[in-house]
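As structure tokens, the structure follows; a few thoughts come after it.
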Amino acid sequence: MIAPEVTLTHLNRADGSATYTHIGYSIIGAVNGPIEVQRRDEQPEDATIEVNVRPAVGVGSPKERHLETLLHNTLRSIILTRLIPRTLVQITLQIRSLPEEDDSTGVNTSLTILPHLLHTALLALLSASIPLRTILTSVLIAVPSSASPNTSSTPLLSPTANELLRAKPVRSIHVFAFSGDRKLLLNESDGTFSYAEWAEACEKAEEVCCGEEEEGGVKLDEGESMELDGQVQEESLEKWLRGVVRRKVEWEQRWKSAT
Amino acid sequence: MPREAEISLNEREFIKQALQEQIRLDGRAFDAFRPLELTFGDEYGVADVQLGKTRVIARISVDVTTPLPERKFDGIFQIVTEFSPMASPAFEVGRPTDAEVILSRILEKSIRRSNALDTESLCIIAGLKCFALRADVHIIDHDGGLIDAACIAVMAALQHFRRPDVLVEGEKATILSVREREPIPLSILHQPLCVTFSYFEDEVFLVDANLAEEQVRQGEVILTMNKHGEVCQIAKYGGATINPLALLNCTNVALQKVKEMTTFIQKRLEKDAKKRDAGGLLAELSAENAR
Amino acid sequence: MPLDTSTYSLALLRLDGRRWNELRRIHAQISTQAAADGSSYLEMGNTKILVSVTGPAEGRQAGQRGGAGSQAKVEVEINFAGFSGVERRKRKSDKRTNEMEHCLRSAFENVLLLHIYPHSTITLNIHIISQDGSLLAACINASTLALIDAGIPMSDYLVACTAASSASSSAADNASSDDPLLDLNNQEELELPFLTVGTLGESDNVAVCIMESRVRMERMEGMLAVGIEGCKRLRGILDGVVKGYGKRFG
């Protein structure tokens with residue numbers, strides 16, 4: 001799995017911004033906050049969170065509103081709203097490009113883009129220094145139809161649109177989001193599946209997002225995988241995310257480390 | 001809706017004083033644009049313009065639909081601009097501000113009304129089927145000069161875009177996908193580009209003001225011209241009065257700027273075409289015999 | 001063809017019988033509505049505009065502050081009567097109307113002495129009864145009269161009119177046969193490139209300039225000059241109307 005490309009804090013007007021590009025999906029996220037909130041939306045003890053998803057083509061439709069609701073519910077649990085009461089945290093996500101085959105894969109396109117939106121939103125929040133309880137990572141798992149009804153097929157981890165197209169028809173897709181302390185934050189599924197299939201997908205997702213339970217994996221550079229005892233180890237999403245933030249902090253602290 | 005942070009009195013005075021001494025805060029000449037960067041996306045029809053700190057992305061998409069009953073021989077062309085809170089926290093989704101309406105109208109007048117795009121070429125079968133072209137303008141970062149940047153973005157995207165080819169047999173038309181036949185470019189009749197002039201006391205005219213200068217100015221004139229010397233639209237909505245000779249002088253300056261920008265866009269388009277056609281593959285794939 | 005070139009070159013008369021530099025019949029009245037603080041009715045040919053001004057008064061929302069920088073706020077509302085144009089117009093506020101409102105608002109914000117009335121709002125209600133070209137110009141002229149009637153101080157009359165270029169694009173740059181035309185009606189506006197120019201009183205200074213059609217830049221000078229000339233004459237006519245009304249109390 002190639003690591004996503006991220007650029008942080010590149011916009012001038014927004015308090016925090018991030019551009020995230022991964023397997024054909026490119027999203028620009030911007031966060032403004034804490035800023036003044038309308039009297040009618042003001043909450044006495046919490047910050048109000050506003051999420052705006054703008055599609056690449058056209059104006060927003062109910063699909064974007066649905067994505068905004070999912071994102072709102074997930075982000076509300078990790079933003080420390082009690083620390084900034086009576087303010088507004090405004091998150092805007094502009095979808096810049098989608099992979100060509102996105103609408104011909106036959107799966108729910110809201111779910112395919114959801115992990116990427118979550119990552120972009122989180123990175124923009126980190127860039128804006130909004131107080132967060134923990135980080136989150138998210139992944140898409142696709143369970144393709146198996147050749148025979150008895151055997152189950154291997155779930156695809158974070159498949160590209162191309163892989164989804166080739167695996168058509170796909171029985172079910174699942175989006176999971178995990179917090180830094182391995183708690184499940186978001187669980188959205190679409191299609192037909194059994195509980196066992198869902199549990200297997202959830203386990204796989206946890207592995208991809210948070211990494212192995214025990215320490216033993218070797219931390220590797222993005223894009224390369226080293227053969228270690230015959231096993232191919234890949235970096236978990238959480239480690240990638242920490243790497244991004246570490247680089248940002250190192251860059252901003254360079255004045256200190258230079259002396 | 002949070003208000004835009006207004007420029008402080010000190011900053012205002014500083015800018016005005018500097019202009020009286022013929023100095024612009026970022027050191028540009030009075031008739032110089034900020035550094036312009038133009039990149040194209042991987043797909044056809046996506047243009048990313050960076051004018052100083054202002055960033056605008058334009059994207060062209062096409063759909064097939066029925067033409068308007070009063071214009072049976074024309075296709076449909078629509079420009080949609082929506083400000084998002086990304087560009088500035090003062091923008092609210094769903095409630096168009098004055099600036100948004102003005103931007104939308106100016107783009108409409110410059111590009112649609114002046115017939116920059118030949119809509120007749122978008123017609124497939126008269127009265128039944130036509131292409132509906134849609135230009136989405138996304139404002140990513142706002143530091144003044146939105147109209148100029150948006151116009152460059154839309155024109156560059158229009159010239160970059162390739163629409164699917166159509167095979168018409170009598171009453172039946174088949175849209176050929178990208179794999180079947182190479183998509184064809186749009187028919188652009190002329191390239192209008194906008195230049196915004198901001199004016200201050202003592203007949204000082206600045207080209208391409210940034211946000212701070214925009215808040216200090218006494219008024220603005222938005223000129224749209226093409227490189228052939230035709231003025232496509234002028235908009236001076238109010239603001240302090242100016243001498244008509246100054247207005248005519250602006251058209252001369254604008255012509256020069258528009259010519260520069262047009263060659264710049266052309267060069268970038270060629271560079272992008274070369275990148276896509278890496279190794280002269282297109283020439284190899286052509287089935288023509290050398291005569 | 002509004003110019004009917006065959007006869008135009010012979011007698012230099014437009015289809016409605018005017019020469020190139022003649023304004024249409026202007027008829028204006030002020031204080032037409034007793035209920036409003038200021039009102040006016042203006043006819044420029046067949047373009048008929050009714051304006052009523054309310055203010056300076058408290059803003060619509062309770063406790064609303066005036067415009068920026070402790071001066072009065074100007075609000076403009078334009079209403080097109082359904083029977084004003086050729087086709088019946090549905091009541092929809094479209095971007096073109098918003099643009100016109102914005103234009104009038106910024107134009108008058110610079111002419112009126114707003115710092116005298118901080119924390120207040122001046123509302124202009126414009127009703128368009130009949131459209132026959134020079135719409136924005138007529139709105140500006142009618143609004144000027146209504147504001148004068150309301151007694152709101154302004155630095156000078158803000159007058160506007162339209163001018164077009166009758167030259168064809170293939171003609172030589174300084175052909176003597178191309179006369180810029182003054183004060184266009186609807187038919188001429190549809191056919192020829194034109195601009196609306198607004199000046200402040202008798203001076204040459206341009207306050208408003210809107211052009212929506214394509215024209216060669218060499219023609220601009222002629223169009224602007226003719227337009228400004230027309231504005232000067234209009235100023236005299238409007239001043240006459242105001243003074244005539246004042247004589248009644250003399």
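The values are calculated or read from the model by the stated rules, or taken from the named source; none is laboratory data. What you see is a predicted model, and the numbers here were worked out from it, not measured in a lab. Positions of Cβ are generated from backbone atoms using ideal geometry, with glycine treated the same way; all protein chains shown enter the neighbour counts. The accessibility values were calculated without ligands, DNA or RNA, using every heavy atom of the protein model including side chains. Shrake-Rupley method; radii C 1.70, N 1.55, O 1.52, S 1.80 Å.
Going by the conditions given, is B:CYS130 part of a helix (DSSP H, G or I), buried (at least 24 other Cβ atoms within 10 Å of the Cβ) and in contact (Cβ under 8 Å) with a residue 24 or more places away in the chain? Spelling it out, it is not the case that B:CYS130 is part of a helix (DSSP H, G or I), buried (at least 24 other Cβ atoms within 10 Å of the Cβ) and in contact (Cβ under 8 Å) with a residue 24 or more places away in the chain. Assess whether B:GLN159 counts as being of a type outside the set (D, E, K, R), more than 10 Å from chain C (Cβ to nearest Cβ), within 30 Å of B:ARG276 (Cα to Cα) and open to solvent by 20 Å² or more (accessible area, probe 1.4 Å). Yes; evaluated as a whole, the condition is true for this residue.
On the stretch given as segment B:114-146, residues that are away from chain A (no Cβ under 12 Å) and of a type in the set (Val, Ile, Thr) total 3. Filtering segment B:96-113 down to residues that are under 18 Å from the mean Cα position of the chain (by Cα) and charged (D, E, K, R), which residue is farthest from the other protein chains (Cβ to nearest Cβ)? Looking at the filtered set, the residue picked out is B:ARG112. Within segment B:53-69, residues that are assigned to a loop (DSSP other than H, G, I, E, B) sit with their Cβ atoms under 8 Å from residues that are polar (S, T, N, Q), at 6+ positions apart or across chains, in these pairs: B:LYS53/A:ASN12; B:LYS53/B:ASN210. Contact annotation: residue pairs with Cβ atoms under 6 Å, 6 or more positions apart or on different chains, pairing a residue in segment A:15-29 that is in a strand (DSSP E or B) with a partner that is among the charged types (D, E, K, R), are A:THR21/A:GLU5; A:SER26/A:ARG96; A:ILE28/A:ARG96. In segment A:44-56, is there at least one residue being in contact (Cβ under 8 Å) with a residue 40 or more places away in the chain, open to solvent by 40 Å² or more (accessible area, probe 1.4 Å) and among the small types (Gly, Ala, Ser)? No, the conditions are met nowhere in segment A:44-56. Of A:ILE78, A:ILE35, all but one fail to be touching a Leu at 6+ places or on another chain (Cβ under 6 Å) and at the interface with chain B (Cβ under 10 Å from one of its Cβ atoms); the exception is A:ILE35. A single entry from A:GLY106, A:GLY29, A:GLY60 fulfils the requirement of being facing chain B (nearest Cβ under 9 Å) and more than 18 Å from the chain's Cα centre (by Cα): A:GLY60. The number of residues in segment A:68-92 that are within 22 Å of A:SER189 (Cβ to Cβ) and either open to solvent by less than 10 Å² (accessible area, probe 1.4 Å) or not in a loop (DSSP other than H, G, I, E, B) (or both) comes to 10. Exactly one residue out of B:VAL93, B:VAL80 is within 30 Å of C:VAL74 (Cα to Cα), within 13 Å of chain A (Cβ to nearest Cβ) and assigned to a strand (DSSP E or B), and it is B:VAL80. For segment C:122-151, give me each residue that is crowded, with 24+ Cβ neighbours inside 10 Å and at positive phi. Hit for segment C:122-151 is C:SER134, nothing else. Restricting segment A:223-259 to residues that are open to solvent by 90 Å² or more (accessible area, probe 1.4 Å) and of a type in the set (Asp, Glu), the residue that is modelled with the highest pLDDT is A:GLU250.
A quick yes/no check of all residues on (1) within 11 Å of another protein chain (Cβ to nearest Cβ); (2) of a type in the set (A, V, I, L, M); (3) assigned to a loop (DSSP other than H, G, I, E, B):
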residue: C:ILE78; (1), (2), (3): no, yes, no
residue: C:GLY82; (1), (2), (3): no, no, yes
residue: C:ARG88; (1), (2), (3): no, no, yes
residue: C:SER93; (1), (2), (3): yes, no, yes
residue: C:GLU99; (1), (2), (3): yes, no, no
residue: C:HIS102; (1), (2), (3): yes, no, no
residue: C:ARG105; (1), (2), (3): yes, no, no
residue: C:PRO118; (1), (2), (3): no, no, yes
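Being among the basic types (Lys, Arg), over 22 Å from B:GLY45 (Cα atoms) and either within 14 Å of another protein chain (Cβ to nearest Cβ) or buried (at least 17 other Cβ atoms within 10 Å of the Cβ) (or both) is a property that A:ARG65 has.
Residues being farther than 18 Å from A:VAL107 by Cβ, modelled with pLDDT of 90 or more and in contact with a strand residue (DSSP E or B) (Cβ under 9 Å, 6 or more places away or on another chain) are entirely absent from segment A:207-221. Looking only at segment B:140-152, decide whether some residue is farther than 24 Å from A:GLN94 by Cβ and among the acidic types (Asp, Glu). No, segment B:140-152 has no match at all.
Please work out if B:ASN243 is within 7 Å of chain C (Cβ to nearest Cβ) and either open to solvent by 10 Å² or more (accessible area, probe 1.4 Å) or more than 30 Å from B:GLU13 (Cβ to Cβ) (or both). Criteria met by B:ASN243.
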